[in-house]
Amino acid sequence: MKQYKNYLMDMDGVLVRGKTAIAGAQRFIDALNDGGHKYLVLTNNPMYTPRDLAHRLQTTGLQVASDRIFTSAIATARFMQNQRANGKAFVIGESGLTDAVHSVGYVMTESEPDYVVLGETHGYNIAQITKAIRLIADGARFVATNPDPSGPSEDGLVPACGAMAALIKEATGVAPFFVGKPNPYMTRSALNYLGAHSEETIMIGDRMDTDIVGAVSSGLDTALVLTGVTKRNEIERFPYQPTYVLESIGDMQL
C-alpha cells in the first residue's frame, strides 16, 4: 500500500457499526496520532456537533478528538460562508447544524433569508417545511446537508434529508444543492480544512455510492472496507473502482 500523509475516513461502517467499535479501529487511530498524520472523520450526519460525535465514539471505546470530526453541517456552513459571507439563513435542523451555521457568522431568521438550509431532525415539523417552501418560492436559495433519503431509528426507517428535500422540490420546483457526500465539495472542503493535498490523501469508506465516488471525483485514492454497506460482490458493477479493497480498517497500513 502506498504511503499517505493524510487520511479521510467515514464513521459508520468504518470505525463503528451501530454502538460497537470495529476491530482494529482504535489501533489505526493510535497509529495516525503516533505518526503525526493529518486525518478527519467525515460523516453525512448533520444532527450532532463534533463534540457530541466524539462522545458517541468514546462510548464505543474509540478516542477521537472533536476537532478531527468533520460533518456535512460544517461543510454546508463553510459553503454558504464562501458563497455569501455573513448572510442570513432559515435553518431546519438540530444543534449540529445550527451551531455550524452560527460559527461562520450567519444569522438565523425567517425574514428574507439568503438561504433555506435543510438538515436532519429528530422529527420534521410540517409548519417549518411549509415556511421553507414559501421562503424558497419568494427567492431564498435552497441548500441541504446530505441527500440520504432515509435513516435508521430504534423503531425502523425514518425520512431523512433527501426525502424532505424532494418534497420541497416538488412544491417549489427548486432543486437543492446537496453539500454532503457524494458531492466532491464535501471532500474538497475537508481537504481545505486539513490543509492537505488530494495526491497525498486517501479516503476510507464503506459505501461505493457516497464515500468512494465522492473521493474519486476529487482525485483521491480510496480504500473500500467491507464492514459496512457495500459487499465484495457488488463492487464490480460500479464504473469507478476503489484503489484498495480491505476486510476492515484494521487492515490499513501506514
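Structural remarks
- Matching residues, the stretch 195-254, being of a type in the set (D, E, K, R) and without any contact (Cβ under 8 Å) to a residue 60 or more places away in the chain: Glu199, Asp209, Lys231, Arg232, Glu234, Glu236, Arg237, Glu247
- Boolean, Glu200 is surrounded by fewer than 23 Cβ atoms within 10 Å (Cβ to Cβ), over 17 Å from Asn44 (Cα atoms), in contact with a Phe, Trp or Tyr (Cβ under 7 Å, 6 or more places away or on another chain) and in the same structural domain as Gly13 (by TED's automatic domain parsing): yes
- Scanning the stretch 143-153 for residues that are surrounded by 16 or more Cβ atoms within 10 Å (Cβ to Cβ) and more than 14 Å from Gly93 (Cβ to Cβ) turns up just one, Pro147.
- Check on Leu53, under 21 Å from His102 (Cβ atoms) and modelled with pLDDT of 95 or more: yes
- For the stretch 4-25, the count of residues that are crowded, with 19+ Cβ neighbours inside 10 Å, free of Cβ contacts under 8 Å to residues at least 40 places away in the same chain and more than 24 Å from Phe178 (Cα to Cα) is zero.
- From the list Arg84, Arg188, the lone residue that is surrounded by 15 or more Cβ atoms within 10 Å (Cβ to Cβ) and in contact (Cβ under 8 Å) with a residue 12 or more places away in the chain is Arg188.
- The requirement of being assigned to a loop (DSSP other than H, G, I, E, B), more than 15 Å from the chain's Cα centre (by Cα) and surrounded by fewer than 22 Cβ atoms within 10 Å (Cβ to Cβ) is fulfilled somewhere in the stretch 154-170, by at least one residue.
The values are calculated or read from the model by the stated rules, or taken from the named source; none is laboratory data. Since this is a predicted model, take the numbers as computed values, not measurements. Cβ sites come from the backbone with ideal geometry, for glycine too, and all protein chains shown count toward neighbours.
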